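**Q** Questions regarding the structure given below will be posed in turn.
The values are calculated or read from the model by the stated rules, or taken from the named source; none is laboratory data. Because the structure is predicted, anything quoted here is derived from the model rather than measured. Ideal geometry is used to build each Cβ from the backbone, glycine not excepted, and the neighbour counts take in all protein chains shown.
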Amino acid sequence: MPPLARSQGSNEMTFKSNRRQFLFGAAASTLAITAAGGVGRAFAQDQQLVFWSQLAGSKKAAGEALEAAFKTAHPEIALNSSLFAEPSQLNEKILTAINGNTAPDLFIQHWDYTLTYSTGDKLADLKAGLANVNFDDLDGSLLAYGNIGGQQVSVPLYGTSRGLGVNRKYVTEAGLDAEKGPQNWAELREWAKALTKRQESGLLEVAGLSMFHNDLETWEIFTLLLQGAGGTLFNDDLTAPAFGGPEGLAAVNFMFELLHTDKVTDLGFGLGPGGSASPMNQGRAAMIIAGNYSTNNALKAGIEFDVLPIPMKDGGFTSLVDPFSFAVTKASPNQEAALSFVEFALTHEQQVAFALASKNVPVLKAAQQDPAVQADPFLAKFVKTASFAPPKAAAIPAFSRMVTIIARAVQETLFKRVTAEEALKAAEAEVIAVLGR
Amino acid sequence: MALQSSTALARRPQSFTQNWSAYAFLTPALIILFLSLLLPAAATVVMSLTDISFLRPTNFVWFDNYVKLVSDGRFRQAVGNTAYYTVGVTLPTMALGLLAAVALNGKLRGRIVFRTIFYLPVLTSLIAAAVVWMYVYEPYSGPINGTLTQLGLPPQPWLQSPNLAMTSLIVMAIWRDFGTAMIIYLAGLQDIPRDIYEAARLDGAKTKDIFFRITVPMLSNVTFYLMIILIVQTFQVFGAIYVMTNGGPLGSTETIVFQMYQTAFGYTEFGYAAAMSTVLFLAILLFSIIGTKIIRRGES
């Protein structure tokens, strides 16, 4: 017995000593790793221009060329770029990075996300920072999406614009003039009816006008029609919604008639994996609301694709632009280098090169009119449709929420759950509540 | 007596000093568990009492987010959708899993092949499966509507109609999950002593009676375990909805987790999303506690 007791006592002594050492060792290692990591990271970031890019997909080659050209022109700046496939993916990364003080010096993102980030005063005012850029040389419609509270929190590299994407083969077969296009809503309606093909059973073969297949597209077509009827989403100072008036009603009613009276499409038509499977690319839609991104897939699918301007109710044309914009974080240790990159991307040469490679509308007005850009048939058409976009943008931080609210209201009407008036009034009330937060 | 005292000795908690090495080995796992699970869970509860956006200054709003949840029509719709999805997936998955397990537990020829085929969807990437099912449900050229049309029946807007979209997602989830149920039931079936079946047969019990009076009761613990697993899993559905319907049409497939994601990362209302998350956590916890108690009662 005594040896055992001694042995237990000895173990206890050993344990006390080991436990202390163990805890000390663990604490010291943790501190050392954290400190080394923090210092290393800070040192690394101080030496590099950290750029998070969303120039993926059809913009990937253009983005890579831009970065390569920048590296050649500015060998003194070490550019460290990371590519994110989707705006939502980059959004998650930026939100958590801003919170953890690990945000990049520079990023390029879809404009509405950038507005959200601006609410926390986390972004630099680029109007003050970009000393070598004349803002009057940039497209006002595109620029408007980065202007909030008088500050230019983002500056577009490029934008897409909306036009009426048409299948020329179907248009010609229907005896319509593909060069002229519909000039007002009445003609648009006639076109859509003439282009719709249904089987005897009623099964839709070709939608005359495929309207939307998600919330964002619902918002988009509603806004285009709202503008077409002479309305706007907000009042002049963006403090109150204005889409619930007679112009909004006209827009929803027009969609309702196309859908339920003329049956030019079915609800949910086109919901699918997207890309090459979209109705236009499968030859199952004669007209769609198209953006620059629509062109490549349609042409690859062998569609005789063309772009026409979107008619307003009583004549004239309208459009929407959708910029992808640079933003520089206020806390960036490399703000000067970040601004150099933006200035470089906004030069005439780079704007033209990016537009030609990516088929997107450049933000520099001179680049929009450059002979090389105008020589590209589709690019020239989207530059033209961009010119019909209103100069004022619905640049509010709660834009994403507003899209859902408006889209649901429109869809509820189209699914015959409520009247257009009820839906729009309820949506306006909801937007007012969101704006008040 | 000797056995009793040795059991009592074994159950008596030993002092920390006697087991220091065991605690030392457990420490890294406990630290990871604390940092990756307990701390974020506690932080989520605290966040739910604030208006945190990660962008603007944060204020404590205490229970405002929870009050808002009660009156939020979209959240109520998401709760209803989640409940419908959970019941719609859990019960048929278990029923089909049990039937498949019983069928493949016998000496059926090619049972290994069938087991593999039924289990394959579980191994398939969810996103790849979702994309394939979008083609399956395609209203104009998909195989389901193609078959309906061949039979002279009208094609259906499977993912396009607010009345059908959630049911369509449920069917896909059952296809994907019933292999798991089958494997768990198979393991449970193999634990049931053969002699019980033999005795029942000697007593003249019919197949139906054997199934309902022996197999089903003997599998009750497995059933409750499976039910908890499936409820927890279906409560958290996100991927398939994100890919296939994005919550639409008209929010008919918007579940709590999907809405939580949209509220947090789409609208940057992290405090409100944390309140949703806490409510979901409590619901899952409640189901888990009830299920565990039922299983323990069954064991005793």
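**Q** Among residues belonging to segment B:188-204 that are surrounded by 12 or more Cβ atoms within 10 Å (Cβ to Cβ) and small (Gly, Ala, Ser), point out the one that is farthest from B:SER220 (Cα to Cα).
**A** Once the filter is applied, the top-ranked residue is B:ALA199.
**Q** Please go through segment A:184-199 and pick out each residue that is closer than 18 Å to A:GLU173 by Cβ and either charged (D, E, K, R) or assigned to a strand (DSSP E or B) (or both).
**A** Within segment A:184-199, A:GLU187, A:GLU190, A:LYS193, A:LYS197, A:ARG198 meet the criteria.
**Q** A further question follows. Out of B:VAL79, B:VAL45, B:VAL87, I need the residue that is surrounded by fewer than 18 Cβ atoms within 10 Å (Cβ to Cβ), among the β-branched types (Val, Ile, Thr), at pLDDT 95 or above and more than 25 Å from A:THR96 (Cα to Cα). Which one?
**A** Being surrounded by fewer than 18 Cβ atoms within 10 Å (Cβ to Cβ), among the β-branched types (Val, Ile, Thr), at pLDDT 95 or above and more than 25 Å from A:THR96 (Cα to Cα) holds for just one of B:VAL79, B:VAL45, B:VAL87, which is B:VAL87.
**Q** Confirm whether A:SER58 is modelled with pLDDT under 95, within 12 Å of another protein chain (Cβ to nearest Cβ) and in contact with a helix residue (DSSP H, G or I) (Cβ under 9 Å, 6 or more places away or on another chain). Lay out the reasoning, then the answer.
**A** Working: modelled with pLDDT under 95: yes; within 12 Å of another protein chain (Cβ to nearest Cβ): no; in contact with a helix residue (DSSP H, G or I) (Cβ under 9 Å, 6 or more places away or on another chain): yes.
No, not satisfied.
**Q** Taking B:GLY239 and the conditions (1) within 25 Å of B:LEU286 (Cα to Cα); (2) surrounded by 15 or more Cβ atoms within 10 Å (Cβ to Cβ); (3) more than 14 Å from chain A (Cβ to nearest Cβ), which numbered condition does it fall short on, given that it satisfies the others?
**A** B:GLY239 satisfies all of (1) within 25 Å of B:LEU286 (Cα to Cα); (2) surrounded by 15 or more Cβ atoms within 10 Å (Cβ to Cβ); (3) more than 14 Å from chain A (Cβ to nearest Cβ) except (3).
**Q** Between B:PHE114, B:PHE60, which is touching a strand residue (DSSP E or B) at 6+ places or on another chain (Cβ under 6 Å) and either surrounded by fewer than 16 Cβ atoms within 10 Å (Cβ to Cβ) or modelled with pLDDT of 95 or more (or both)?
**A** On the way: B:PHE114 fails: touching a strand residue (DSSP E or B) at 6+ places or on another chain (Cβ under 6 Å).
Testing whether each residue is touching a strand residue (DSSP E or B) at 6+ places or on another chain (Cβ under 6 Å) and either surrounded by fewer than 16 Cβ atoms within 10 Å (Cβ to Cβ) or modelled with pLDDT of 95 or more (or both) leaves just B:PHE60.
**Q** I've got another one for you. Working only within segment B:137-154, note down all residues that are in a loop (DSSP other than H, G, I, E, B) and within 11 Å of another protein chain (Cβ to nearest Cβ). I'd like the intermediate steps shown before the answer.
**A** Keep residues of segment B:137-154 that are in a loop (DSSP other than H, G, I, E, B), which gives B:137-142, B:151-154.
Result: B:TYR137, B:GLU138, B:PRO139, B:TYR140, B:SER141, B:GLY142, B:GLY152, B:LEU153, B:PRO154.
**Q** With the requirement that a residue be assigned to a loop (DSSP other than H, G, I, E, B) and within 9 Å of chain B (Cβ to nearest Cβ), what does segment A:101-120 give you? Show your work before the answer.
**A** So in segment A:101-120, the residues assigned to a loop (DSSP other than H, G, I, E, B) come out as A:101-105, A:119-120.
Once the filter is applied, which keeps residues that are assigned to a loop (DSSP other than H, G, I, E, B) and within 9 Å of chain B (Cβ to nearest Cβ), segment A:101-120 yields A:THR119, A:GLY120.
**Q** Run B:MET134 past the list (1) more than 18 Å from B:MET244 (Cβ to Cβ); (2) more than 21 Å from the chain's Cα centre (by Cα); (3) assigned to a helix (DSSP H, G or I) and report the number of the one that doesn't hold.
**A** Exception for B:MET134: condition (1).
**Q** When segment B:53-78 is examined, which residues are found to be more than 26 Å from the chain's Cα centre (by Cα) and not in a loop (DSSP other than H, G, I, E, B)? Please lay out each step first, then the result.
**A** Taking segment B:53-78 as the starting set, the residues that turn out to be more than 26 Å from the chain's Cα centre (by Cα) are B:53-65, B:67-68, B:71.
Result: B:PHE60, B:ASP64, B:ASN65, B:VAL67, B:LYS68, B:SER71.
**Q** Follow-up question, since we're still on this one. Scan segment B:117-142 for residues that are surrounded by fewer than 17 Cβ atoms within 10 Å (Cβ to Cβ) and within 21 Å of A:VAL206 (Cβ to Cβ) and jot them down.
**A** B:TYR135, B:SER141
**Q** Which residues, taken from segment A:160-204, are among the charged types (D, E, K, R), surrounded by 15 or more Cβ atoms within 10 Å (Cβ to Cβ) and modelled with pLDDT under 95?
**A** The one that is among the charged types (D, E, K, R), surrounded by 15 or more Cβ atoms within 10 Å (Cβ to Cβ) and modelled with pLDDT under 95: A:ARG198.
**Q** Still on this model: Of the residues that make up segment A:350-361, is at least one within 14 Å of chain B (Cβ to nearest Cβ), modelled with pLDDT under 95 and within 30 Å of A:ASN80 (Cβ to Cβ)?
**A** No; the residues of segment A:350-361 include none that is within 14 Å of chain B (Cβ to nearest Cβ), modelled with pLDDT under 95 and within 30 Å of A:ASN80 (Cβ to Cβ).
**Q** Further question: I'm told A:ASN281 meets every condition in (1) more than 14 Å from chain B (Cβ to nearest Cβ); (2) out of contact with any Phe, Trp or Tyr (no Cβ under 8 Å at 6 or more places or on another chain) except one. Can you identify the failing condition by its number?
**A** With (1) more than 14 Å from chain B (Cβ to nearest Cβ); (2) out of contact with any Phe, Trp or Tyr (no Cβ under 8 Å at 6 or more places or on another chain) applied to A:ASN281, the lone miss is (1).
**Q** If we keep just the residues of segment B:246-266 that are over 10 Å from B:ALA78 (Cβ atoms), over 21 Å from the mean Cα position of the chain (by Cα) and within 7 Å of chain A (Cβ to nearest Cβ), which is surrounded by the most Cβ atoms within 10 Å (Cβ to Cβ)?
**A** Ranking the candidates gives B:PRO249 first.
**Q** Among the residues of segment A:203-252, how many are small (Gly, Ala, Ser), part of a helix (DSSP H, G or I) and in contact with a strand residue (DSSP E or B) (Cβ under 8 Å, 6 or more places away or on another chain)? Spell out how you get there, then give the answer.
**A** First, pick out the residues of segment A:203-252 that are small (Gly, Ala, Ser): A:207-208, A:210, A:228-231, A:240, A:242, A:244-245, A:248, A:250-251.
If we keep only those that are part of a helix (DSSP H, G or I) as well, we get A:228, A:248, A:250-251.
Next, from what is left, pick out any that are in contact with a strand residue (DSSP E or B) (Cβ under 8 Å, 6 or more places away or on another chain): A:228.
The qualifying residues number 1.
**Q** Scan segment A:61-82 and tell me whether some residue there is in contact with a Lys or Arg (Cβ under 7 Å, 6 or more places away or on another chain), among the aliphatic types (A, V, I, L, M), away from chain B (no Cβ under 14 Å) and outside any helix (DSSP H, G or I). It would help to see each step written out before you state the result.
**A** Taking segment A:61-82 as the starting set, the residues that turn out to be in contact with a Lys or Arg (Cβ under 7 Å, 6 or more places away or on another chain) are A:79.
Right, trim to among the aliphatic types (A, V, I, L, M) and you get A:79.
With away from chain B (no Cβ under 14 Å) added as a condition, the list becomes A:79.
From what is left, the residues that are outside any helix (DSSP H, G or I) are A:79.
Yes: segment A:61-82 contains one or more residues that are in contact with a Lys or Arg (Cβ under 7 Å, 6 or more places away or on another chain), among the aliphatic types (A, V, I, L, M), away from chain B (no Cβ under 14 Å) and outside any helix (DSSP H, G or I).
**Q** Mind listing just one residue for me: the one in segment A:406-425 that is at the interface with chain B (Cβ under 10 Å from one of its Cβ atoms) and hydrophobic (A, V, I, L, M, F, W, C) and, of those, surrounded by the fewest Cβ atoms within 10 Å (Cβ to Cβ)?
**A** Here is the first cut: in segment A:406-425, the ones at the interface with chain B (Cβ under 10 Å from one of its Cβ atoms) are A:407-408, A:411-412, A:414-415, A:417.
Applying the additional criterion that residues be hydrophobic (A, V, I, L, M, F, W, C) yields A:407, A:414-415.
On the way: A:ALA407: 23, A:LEU414: 22, A:PHE415: 17.
Taking the candidates together, the pick is A:PHE415.
**Q** If a residue has to be part of a helix (DSSP H, G or I) and either of a type outside the set (Val, Ile, Thr) or under 19 Å from A:ILE221 (Cα atoms) (or both) to count, how many in segment A:143-177 make the cut?
**A** So in segment A:143-177, the residues part of a helix (DSSP H, G or I) come out as A:143-146, A:168-173.
Applying the additional criterion that residues be either of a type outside the set (Val, Ile, Thr) or under 19 Å from A:ILE221 (Cα atoms) (or both) yields A:143-146, A:168-170, A:173.
Going through segment A:143-177 one residue at a time, the tally reaches 8.
**Q** Is it true that some residue in segment A:291-312 is within 14 Å of another protein chain (Cβ to nearest Cβ) and either surrounded by fewer than 18 Cβ atoms within 10 Å (Cβ to Cβ) or assigned to a helix (DSSP H, G or I) (or both)? Don't jump to the end; show me each part of the working.
**A** Here is the first cut: in segment A:291-312, the ones within 14 Å of another protein chain (Cβ to nearest Cβ) are none.
No: zero hits.
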